[in-house]
Every structure is written in structure tokens, then in C-alpha cells.
Amino acid sequence: MKVAELLVQCLENEGVEYIFGVPGEENIDLMDALLDSSIEFIVTHHETSAAFMAGTYGRLTGKPGVCLATLGPGATNLLTGVANANMDHCPLIAITGQAGLNRQHKISHQYYDLVNLYEPVTKWNAQIKTAEIVPEVVRKAYQLAIQEKPGATHIDLPEDIAGMEVEGSPLRVTGRSLPQADEKVIKKAAELIKQASYPLILAGNGITRGQAENIFQEFVEQTQLPVVHSFMGKGALSYKNDLSLLTAGISGKDYITCGFSQSDLIICIGFDIAETPPENWNPNRDTPILHIDTEDAETDSHYPVALNVIGDIKENLSELQKVLPVSNEKPEWIKSIREQALLELNEYKEDSGFPLKPQKIISDLREVLADEDIAISDVGAHKMWMARMYHTAHPNTCLISNGLASMGIAVPGAIAAKMAQPNRNVVAVCGDGSFQMTGAELETAVRLNLPIIVLLWRDDGYGLIEWHQLKKFERTSHISFGNPDYVQLAHSYGFEGMRIEQASDLKPALEQAVSLQKPVFIDCPVDYSENMKLTEKLKNINC
């Protein structure tokens with residue numbers, strides 16, 4: 001068989017269901033081999049979108065999403081989405097076509113050294129220079145992509161190698177388990193918690209990655225410890241639980257920072273520093289950290305680790321439960337923090353202002369979507385509002401990319417989310433700036449018959465940058481742009497298009513969108529003057 005055919009067999013052996021990408025001249029052997037494969041190739045309109053889809057699929061399934069591009073501009077386009085998945089710890093395998101080995105020693109049409117280009121944004125990568133190594137390369141790429149902490153790997157396939165004849169077969173797939181922490185470490189961790197007067201948990205995305213949410217919830221109920229979530233850890237504990245202090249991550253003071261300032265021990269579980277800088281919630285560097293994760297903590301002066309508890313999060317929490325007493329006392333100091341944060345959402349439920357306030361948009365969205373449905377937020381001012389106010393009862397029901405945090409992820413991410421979770425409603429929450437970066441994937445959703453909902457917050461500019469400019473300089477600089485008629489644009493792609501013209505329109509529009517079970521686009525003007533009002537409000541919080 002050809003090398004390309006063997007590579008496809010190896011991917012099938014790993015259980016790959018989809019490859020997202022854009023075909024090119026240098027990967028035509030691989031594209032041809034896929035015609036005889038069980039793997040479905042999902043054609044996208046941009047390589048970055050393909051990687052966003054693969055990363056989201058990897059985050060939701062725990063299996064590496066696979067994306068493909070040709071050499072040169074195809075590979076450089078793919079790079080952003082690969083870097084995004086790697087920093088968010090989403091398992092992903094990127095495959096790039098490449099110039100033949102016979103022209104890699106000189107300046108050549110569309111040729112860049114992709115192994116070196118991808119090296120900083122992947123866990124591991126390699127070029128297939130000889131035909132026989134294909135099974136080893138694919139097995140290693142898959143194994144390292146899912147190994148803690150998960151991330152991106154990259155395979156570079158020169159076109160002359162792809163067409164070569166080869167004999168071989170896929171390697172056997174093997175599992176891998178994480179170790180448990182030593183018993184002495186578990187006992188030391190228990191002592192730290194017992195000695196603390198006001199311990200507080202910061203829950204990160206690693207809890208969900210490690211499928212530890214059930215044991216985590218048991219641990220919280222036993223210890224009665226309050227829980228703050230990172231943007232990517234949302235839902236590890238339901239917002240309905242009295243011990244949930246909701247979400248941290250917005251820079252500066254917030255209701256949740258009152259919880260951190262009260263605490264004398266912060267227990268970080270499955271938390272990655274890339275999610276939210278410790279200087280935002282431990283500014284004086286004086287609150288010790290109990291770090292429970294799969295790897296040692298990143299070195300940071302605002303993250304003073306008293307003890308690392310390293311290994312399988314689920315198993316280590318289970319062992320920790322055994323040596324901690326059962327508590328029946330809910331800490332009273334968290335009650336007012338919860339009340340203030342939840343009140344903020346409810347008080348805008350009947351707001352009639354137009355354009356709509358961010359709080360009103362989120363209130364309506366939260367009322368319409370079921371707890372199991374998925375909202376995926378793009379990057380922009382709306383991301384900060386969604387993180388603070390879209391409260392979740394289950395993990396991975398509000399997807400926020402907060403590592404690389406690349407704009408443009410929501411629409412392609414929603415497509416992948418609907419493929420991974422077809423029985424849940426999926427809403428892409430976009431700003432107009434982020435939507436225009438990958439909006440062509442509306443056609444992909446229609447072609448695949450995926451009933452996603454796109455909820456566009458339209459402000460005709462880069463709202464988050466405007467917010468920062470106003471805070472620092474009290475004036476704005478080069479953040480405005482024009483927009484098309486989004487309802488007409490949606491119709492042209494085959495979406496149902498809806499325009500919000502008064503505040504009372506949004507909730508019925510969302511309800512109709514859910515009931516239609518077809519691709520729906522909702523154009524909703526947003527009043528971002530609320531950004532600076534929030535900034536002023538948070539300045540006056542008295543813990």
C-alpha cells in the first residue's frame with residue numbers, strides 16, 4: 001500500500017472518526033486514501049477553523065480531534081488553532097502536507113520548515129522521512145496528545161513520502177494510567193486543610209479532563225469547602241449548590257475576590273495558571289496554595305505552593321476524603337458573596353433597554369437553555385460577561401477558551417460540539433468582530449445539517465479593546481468597523497435569520513430557535529456602555 005493509506009489505517013486503529021481540514025496539492029494521496037476509509041473528512045473554509053473544530057471535539061470527547069492542512073499558507077493558517085488547543089490542553093493531532101524531500105534543502109515554492117515552526121505550539125512533532133516509521137509516528141502522536149496534560153501533536157508528511165509503497169500495520173493501542181500521590185503526601189494535605197480557618201477551592205479544567213467531577217462534588221459536600229471556578233472549570237460544582245462561589249477570572253476586584261481575600265488556604269484542583277493569573281486573586285502573594293493536579297505547579301511568585309499533590313485527580317481526591325472529617329457547617333462568610341453575584345443576573349431579567357444590556361442577553365439565554373445544553377463563547381467583551389454571569393450546573397456546558405484565547409473559535413467550535421453532543425442544543429455566542437473571522441463556517445453547519453444557534457452580540461467594533469482603552473486612557477482608538485446585514489447574510493448561507501429590534505424580542509427568538517431544530521442566526525445589538533458601569537461598580541465593592 002501507499003504510505004498515505006497506511007497512515008489512514010493507523011488513524012482508524014486509534015478510533016479517529018473525523019478529520020477537519022482543507023485539501024491541498026501536497027496531500028492529495030492522503031485525501032484519496034480517505035475515500036476508502038471509515039473516517040469522515042469535514043471540509044472547512046479555513047484551516048484555523050478546522051483546528052478549532054478539532055480542539056473543541058478533543059475537549060468534549062477526551063479523544064484527539066484531527067485536523068489537516070497542506071504546506072505553506074495552509075499550515076500557517078492551521079497554526080493558530082493548533083496553538084489554541086495546546087494551551088487549552090485539548091487533545092489534537094495536526095497533519096500537514098509538505099514539499100518533497102528533494103526540495104527541502106533550498107528556497108522552494110510554499111516551503112517552510114514546519115517541524116520547527118510547530119515545535120513551540122505542540123507537545124511533540126515529527127516529519128515522516130521514511131515510509132516504515134508511519135505506525136510509530138501515529139501511535140506516539142496519539143499517545144502524547146491524550147497524555148496529561150493533553151495538548152497538540154503534529155505530523156508532517158512530505159508529498160513524495162506519501163506516495164511511496166510500504167508494508168506495515170498499525171501498532172496496538174495501549175492505555176495509560178496516572179500514579180497516585182504517596183500516602184504521606186495525602187496526610188500532609190489533609191493537615192493543611194484541617195489547620196486552615198478559611199480554606200477555599202479554586203476548581204480548574206483538569207477536574208473535567210480527569211473525569212473527576214463526581215468525586216469532586218462528594219469531596220466538597222464532605223468538607224463543606226466553598227468553590228470558585230476558573231473560566232474553563234465552570235460547572236465542576238453546580239451554581240445551584242450553596243458552596244459555589246461561581247466564577248473568577250475577570251481582572252481587578254470582583255465579588256469573588258472577596259472570597260480569595262478572606263481565605264487563608266487556596267486549594268487549587270486541576271488548575272492551570274494560563275486560565276487566570278494568580279496575581280489577580282493572590283496579589284499579596286501571602287496565601288499558601290495546596291496544588292492538586294497531574295503535574296507540579298508552574299513557578300509563579302503569586303502562587304506560593306505549600307504542597308504539591310500530584311497524580312490522578314480522581315484517585316487523590318478519593319484518598320484525601322478518607323483522612324478528612326465530615327463537616328456539617330457551611331461557612332457563613334460565603335453567603336453574601338453568592339447572593340450579590342446571583343442578584344446581578346436576576347435584576348436584569350425584565351430590563352427593557354435597547355440595545356440590550358449584556359446582563360439581559362445572558363439572563364434570557366440562561367432561562368431558555370437547559371442545564372445540559374452547551375454555550376460556547378468566542379473571545380471579546382461578551383466572553384467576560386459570559387464567564388461572570390452565565391452560571392452552569394454541569395462541566396463543559398459553557399465552553400470558554402482561556403489559554404491562547406483566540407478570536408473566531410465559537411462558530412467552528414459549535415459545529416464540533418454539535419457533532420460530539422448531537423442531543424444537546426448548542427449556541428455559539430459571538431461578537432461581531434470574532435464572528436467575521438470564521439463566519440464562513442456557517443456553510444459548513446448547513447452542509448452537515450447541524451442545527452446550531454449563533455447568537456451575535458453586535459456593537460460594530462472590538463468591544464473588549466474599547467473597554468481596556470477607556471479604563472486606561474478614557475478614550476478609544478481604532479476599534480470601529482462596519483457590518484453586513486446579518487439576517488440577509490444568514491439567509492444566504494441557509495440559516496434562519498432573526499433580528500432583535502427590542503429587548504422583549506430576544507427570549508422568544510431563542511425559544512423559537514431551540515424549537516426549530518435547524519441552523520439559526522440571531523442578530524442582537526448590545527449596549528457595551530455597561531462595561532464601564534461594571535468597572536465603576538466593582539471598584540466600590542466592600543468585602
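The values are calculated or read from the model by the stated rules, or taken from the named source; none is laboratory data. Just so we're clear, the structure is a prediction, and the values are computed from it rather than from any experiment. Glycine gets a Cβ as well: all are built from the backbone with ideal geometry, and neighbour counts include every protein chain shown.
Taking region 75-88 as the range and being crowded, with 24+ Cβ neighbours inside 10 Å and either within 15 Å of the chain's Cα centre (by Cα) or part of a strand (DSSP E or B) (or both) as the test, the residues that pass are GLY81, VAL82, ASN84, ALA85, ASN86, ASP88.
Of all the numbered requirements in (1) within 20 Å of ILE374 (Cβ to Cβ); (2) surrounded by fewer than 24 Cβ atoms within 10 Å (Cβ to Cβ); (3) hydroxyl-bearing (Ser, Thr, Tyr), SER37 misses one, and that requirement is (1). Among the residues of region 372-382, are any more than 28 Å from LEU516 (Cα to Cα) and out of contact with any strand residue (DSSP E or B) (no Cβ under 6 Å at 6 or more places or on another chain)? Checking region 372-382: at least one residue is more than 28 Å from LEU516 (Cα to Cα) and out of contact with any strand residue (DSSP E or B) (no Cβ under 6 Å at 6 or more places or on another chain).
Just to be sure, is LYS140 surrounded by fewer than 23 Cβ atoms within 10 Å (Cβ to Cβ), in contact (Cβ under 8 Å) with a residue 40 or more places away in the chain and not small (Gly, Ala, Ser)? If you could, list the steps in order and put the result at the bottom.
Values: surrounded by fewer than 23 Cβ atoms within 10 Å (Cβ to Cβ): yes; in contact (Cβ under 8 Å) with a residue 40 or more places away in the chain: no; not small (Gly, Ala, Ser): yes.
No, not satisfied.
Looking at ASN328, ASN316, ASN308, just one residue is out of contact with any Leu (no Cβ under 7 Å at 6 or more places or on another chain), assigned to a loop (DSSP other than H, G, I, E, B) and not hydrophobic (A, V, I, L, M, F, W, C), and that residue is ASN328.
Applying the condition of being touching a Phe, Trp or Tyr at 6+ places or on another chain (Cβ under 7 Å) and modelled with pLDDT under 90 to region 248-271 and asking which residue is nearest to TYR303 (Cα to Cα) yields PHE260. LEU225 meets each of the listed conditions (1) in a helix (DSSP H, G or I); (2) touching a strand residue (DSSP E or B) at 6+ places or on another chain (Cβ under 7 Å) apart from (1). Taken over region 479-508, the criterion of being under 26 Å from LEU448 (Cα atoms) and crowded, with 22+ Cβ neighbours inside 10 Å is satisfied by TYR486, ALA490, PHE495, MET498.
Residues of region 137-195 that are over 30 Å from THR80 (Cα atoms), part of a helix (DSSP H, G or I) and not small (Gly, Ala, Ser): GLU183, LYS184, VAL185, ILE186, LYS187, LYS188, GLU191, LEU192, ILE193, LYS194, GLN195. When every residue of region 362-372 is checked against the conditions, none turns out to be part of a loop (DSSP other than H, G, I, E, B), in the same structural domain as LEU455 (by TED's automatic domain parsing), in contact with an Asp or Glu (Cβ under 6 Å, 6 or more places away or on another chain) and over 23 Å from CYS524 (Cβ atoms). Could you please find all residues in region 1-34 being of a type outside the set (A, V, I, L, M, F, W, C), free of Cβ contacts under 8 Å to residues at least 40 places away in the same chain and surrounded by 18 or more Cβ atoms within 10 Å (Cβ to Cβ)? GLU5, the sole residue that qualifies. Of all residues in region 204-234, exactly one satisfies the criterion of being over 20 Å from ALA85 (Cα atoms) and among the small types (Gly, Ala, Ser), namely ALA212. Residues that are without any contact (Cβ under 8 Å) to a residue 60 or more places away in the chain, crowded, with 16+ Cβ neighbours inside 10 Å and of a type in the set (Val, Ile, Thr): does region 89-112 have at least one? No, that holds for no residue.
Considering every residue within region 63-74, establish whether at least one is touching a strand residue (DSSP E or B) at 6+ places or on another chain (Cβ under 7 Å), crowded, with 24+ Cβ neighbours inside 10 Å, of a type in the set (A, V, I, L, M, F, W, C) and assigned to a helix (DSSP H, G or I). No, that holds for no residue.
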